[in-house]
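Let me begin by presenting the structure, written as structure tokens, before commenting on it.
The values are calculated or read from the model by the stated rules, or taken from the named source; none is laboratory data. All values derive from a computational prediction rather than experimental measurement. Cβ atoms come from the backbone with ideal geometry, glycine included; neighbour counts cover every protein chain shown.
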Amino acid sequence: LTTIFRTPKIFSGSNVLPEGPVVGPSTMDALSLHCPRKRAFVVTDEFSQRHAAKVVRFLESGGFTSMTWPRCQPEAPLEVVRECAQAIKSFEPDLIVAVGGGSVMDSAKGAWIIYERPDITDLRMISPLDKLNLRRKALLAAVPTTAGTGSECTGAAVLHDMSVHRKIPIAHDELIPDLAILVPEFTMTMPPKLTVGTGLDVLAHAMDAVTTPAGNEFTEPLALKAIAMVFQWLPRAYQDGQNREARHRMLVAASIAGIAFGMSGCHLTHSLGHSLGAVFNIHHGLAVGFFIPYVLQFCQRVTDKHMLICKTLNIPGQDAAEGLEKLVGQVRTFFTSLNVPLSLQEMGISEADLESKMDKLVQYAYEDVDCYLSPRPITAGQCAKIFQYAFAGRDIDF
């Protein structure tokens, strides 16, 4: 078995975008070394434009000529990604910088592929086994403004074809950014609700990375560290958005969880959460995080990897069953402290609405690629049953 462990070069902390000279290796050194033409195309959206402006000032202080494209949209619509690619083609950069949340970074990745490989007319046909030969024209740097998706450290992107209301998932090692620049101040503008939603995304990534059968000796320690960091630092970031250390730690947790699940993949929290989010328009992080306790219970019949999480969180347990019970209890207590609903009913979903949309919920979840990485194979009927149990907040007993 061959394991390929690839990560971006990561710069983290308050001084990664210095306005004056620095001592030692710097972000600008890393950029200038591989971008001799010094032409930077900055991809962002209206919400992150002020952060992008700081990135532009930093780039220009190092001699870069830049162009900012602030038109990214939520969910990374394919049409918008193509518009972005056309603007990139006109500017001809040797560096593309994504400044924003997951949708911005995914949009930049999609546009980068089109810029580098105009011969690829259908992004859905990209296989992770193909050789894309990216980086002939430009490098990719990612500057996240939320602490959740981990896209700055993964080779994944999810675009949306709005004409048919379908996702276009892309996974390829060559999509891992060359640089990830983590600036804690950029996440301080997130309101408490978004802080929690993005933080739960980190937790779901890490929990899945521990319990998936595709995990390995590289991914487990990273995922477990991310779990510990979320439990320690998310409540502090939630209670005080200006807590710089908490914001920094959550950014780091998001990135290392991204590295972990980028290798191991996610499973049922994401297939169920993707479906719930699509059908009921619920924030991605909240939707996937919500299913953590239910998925832990469903998978415990075939794996005891949750005991690694128990050990990390100092949860005592004589055996796997007791450990699971205490872990689920601690997760629910953690959720309550963050005002996260414990049932679909608490989310405001009615029983009638759930039943009327059950077929679509099950179809979306069962067809989701993450469903196939579950430690415990799942049927469509079991998917429906989990949704029904989750409506009432009932423990999974099947």
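Would you check if there is a residue in the range 113-136 being within 27 Å of GLY199 (Cβ to Cβ), part of a helix (DSSP H, G or I) and not aromatic (Phe, Trp, Tyr)? Looking for residues that are within 27 Å of GLY199 (Cβ to Cβ), part of a helix (DSSP H, G or I) and not aromatic (Phe, Trp, Tyr), one finds none in the range 113-136, hence no.
Among the criteria (1) at pLDDT below 95; (2) buried (at least 17 other Cβ atoms within 10 Å of the Cβ), the one ILE96 does not fulfil is (1).
For residues in the range 225-256 being surrounded by fewer than 24 Cβ atoms within 10 Å (Cβ to Cβ) and among the polar types (S, T, N, Q), which is farthest from THR187 (Cα to Cα)? Here the residue is GLN232. Among the residues of the range 288-301, not one is at pLDDT below 95 and of a type in the set (Val, Ile, Thr).
Each residue in the range 321-352 was checked for being farther than 23 Å from ASP201 by Cα and either in contact (Cβ under 8 Å) with a residue 40 or more places away in the chain or outside the structural domain of LYS225 (by TED's automatic domain parsing) (or both), and 1 of them qualify. Condition check: surrounded by 14 or more Cβ atoms within 10 Å (Cβ to Cβ) and either of a type in the set (Lys, Arg) or not in a loop (DSSP other than H, G, I, E, B) (or both). Does PHE47 satisfy that? No. Identify, from the list GLN388, GLN318, the residue that is of a type outside the set (Asp, Glu) and either touching a residue at least 40 places away in the same chain (Cβ under 8 Å) or farther than 14 Å from LEU272 by Cβ (or both). So the residue among GLN388, GLN318 that is of a type outside the set (Asp, Glu) and either touching a residue at least 40 places away in the same chain (Cβ under 8 Å) or farther than 14 Å from LEU272 by Cβ (or both) is GLN318.
Do you know which of the residues in the range 342-377 that are among the aliphatic types (A, V, I, L, M) and over 24 Å from ILE168 (Cβ atoms) is surrounded by the most Cβ atoms within 10 Å (Cβ to Cβ)? Lay out the reasoning, then the answer.
Applying the first criterion (among the aliphatic types (A, V, I, L, M)) to the range 342-377 yields 342, 344, 347, 349, 352, 354, 358, 361-362, 365, 369, 373.
With the extra rule that they be over 24 Å from ILE168 (Cβ atoms), the set shrinks to 342, 344, 347, 349, 352, 354, 358.
Working: LEU342: 15, LEU344: 23, MET347: 17, ILE349: 20, ALA352: 8, LEU354: 19, MET358: 15.
Per the stated criteria, the residue is LEU344.
Which members of the range 301-349 meet the condition of being of a type in the set (Val, Ile, Thr) and not in a loop (DSSP other than H, G, I, E, B)? Selection gives ILE309, THR312, VAL328, VAL331, THR333, THR336.
Within the range 114-142, being touching a His at 6+ places or on another chain (Cβ under 7 Å) and under 30 Å from ARG50 (Cβ atoms) holds for one residue alone: LEU139. Among the residues of the range 143-189, those identified as within 16 Å of the chain's Cα centre (by Cα) and of a type in the set (D, E, K, R) are GLU152, LYS167, ASP173.
Kindly indicate whether any position in the range 362-373 is free of Cβ contacts under 8 Å to residues at least 24 places away in the same chain, over 21 Å from ALA209 (Cβ atoms) and among the hydrophobic types (A, V, I, L, M, F, W, C). The answer is no, given that none of the residues of the range 362-373 is free of Cβ contacts under 8 Å to residues at least 24 places away in the same chain, over 21 Å from ALA209 (Cβ atoms) and among the hydrophobic types (A, V, I, L, M, F, W, C).
A quick yes/no check of all residues on (1) more than 25 Å from ALA237 (Cα to Cα); (2) touching a Gly at 6+ places or on another chain (Cβ under 7 Å):
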{"position": "GLY285", "(1), (2)": "no, yes"}
{"position": "GLY289", "(1), (2)": "no, no"}
{"position": "VAL302", "(1), (2)": "yes, no"}
{"position": "MET307", "(1), (2)": "yes, yes"}
{"position": "LYS311", "(1), (2)": "no, no"}
{"position": "ALA320", "(1), (2)": "yes, no"}
{"position": "THR333", "(1), (2)": "no, no"}
{"position": "LYS357", "(1), (2)": "yes, no"}
{"position": "TYR366", "(1), (2)": "yes, no"}
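Which of the residues belonging to the range 257-283 are farther than 24 Å from GLU355 by Cβ, out of contact with any strand residue (DSSP E or B) (no Cβ under 8 Å at 6 or more places or on another chain) and buried (at least 23 other Cβ atoms within 10 Å of the Cβ)?
ALA257, GLY258, ILE259, ALA260, PHE261, MET263, SER264, CYS266, HIS267 - these are the residues of the range 257-283 that are farther than 24 Å from GLU355 by Cβ, out of contact with any strand residue (DSSP E or B) (no Cβ under 8 Å at 6 or more places or on another chain) and buried (at least 23 other Cβ atoms within 10 Å of the Cβ).
To keep it simple, each residue is scored yes or no on (1) at positive phi; (2) among the basic types (Lys, Arg); (3) at pLDDT 95 or above.
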{"site": "ARG39", "(1), (2), (3)": "no, yes, yes"}
{"site": "ASP45", "(1), (2), (3)": "no, no, yes"}
{"site": "GLN49", "(1), (2), (3)": "no, no, yes"}
{"site": "SER61", "(1), (2), (3)": "no, no, no"}
{"site": "TRP69", "(1), (2), (3)": "no, no, yes"}
{"site": "GLU83", "(1), (2), (3)": "no, no, yes"}
{"site": "GLN86", "(1), (2), (3)": "no, no, yes"}
